[in-house]
């Protein structure tokens, strides 16, 4: 069982809301672990204000790759988020009643031979949004998501992702974190940061981050 936590860099203390999600993606067959985490041309990210957020396709993408996307927005859990064609929702976590609006949705798709240059998610209202796409190579195309969990955490500097269990040696574990502040987010200890994007505003600030790690064995003792 693996528990992930994130530590944030703060200049001042104010109430924040945060969402943390983690999931495992299973590698294909019984081969060795992935040789490397997504990086460079295998990662894209964006931040914006408006009724949609557009994220570029990672330039390293080829047919058969599994693309994983995280979209965070300052909207309520009832506000719609329309995914681009071909993207499958893994889960969506949102703030609870009585707290500020914050939603994080995670999707995946198996890349085809002809992918567009970018993907746009439609938001039910104009707001601040951040997001990123990871291009994972060598991941099981039929059942890419091994397990997942998520949580909304009010008034915290350290959002904590609930545990997940990996079931195959070489699983890639990915954590996505969002916070209602325009602050950089440090990845959990033992994980590599994939992207870190912010949107600055006096009342609509938003930060989003993705981090990942390759688990060499199934059910490892928690390194975090």
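What follows draws every value from the coordinates through simple rules; no lab data is involved. Quantities reported herein were computed from a predicted structural model and do not represent experimental measurements. Every residue, glycine as well, gets a Cβ built from its backbone with ideal geometry; the counts of neighbours run over all protein chains shown.
Worth pointing out:
- Residue in the stretch 133-156 that is under 14 Å from the mean Cα position of the chain (by Cα), within 17 Å of residue 50 (Cα to Cα) and touching a residue at least 60 places away in the same chain (Cβ under 8 Å) present: no
- Being over 20 Å from residue 75 (Cα atoms), within 17 Å of the chain's Cα centre (by Cα) and part of a strand (DSSP E or B) holds for only one residue in 162, 188, and it is 162.
- Only residues that are assigned to a strand (DSSP E or B) and loosely packed, with under 13 Cβ neighbours inside 10 Å were counted in the stretch 196-219, giving 0.
- Hits in the stretch 73-95 - residues which are in a loop (DSSP other than H, G, I, E, B) and touching a strand residue (DSSP E or B) at 6+ places or on another chain (Cβ under 6 Å): 74, 75, 77, 79, 80, 83, 84, 86, 87, 95
- Residue count for the stretch 168-184, restricted to those that are touching a residue at least 40 places away in the same chain (Cβ under 8 Å) and assigned to a loop (DSSP other than H, G, I, E, B): 8
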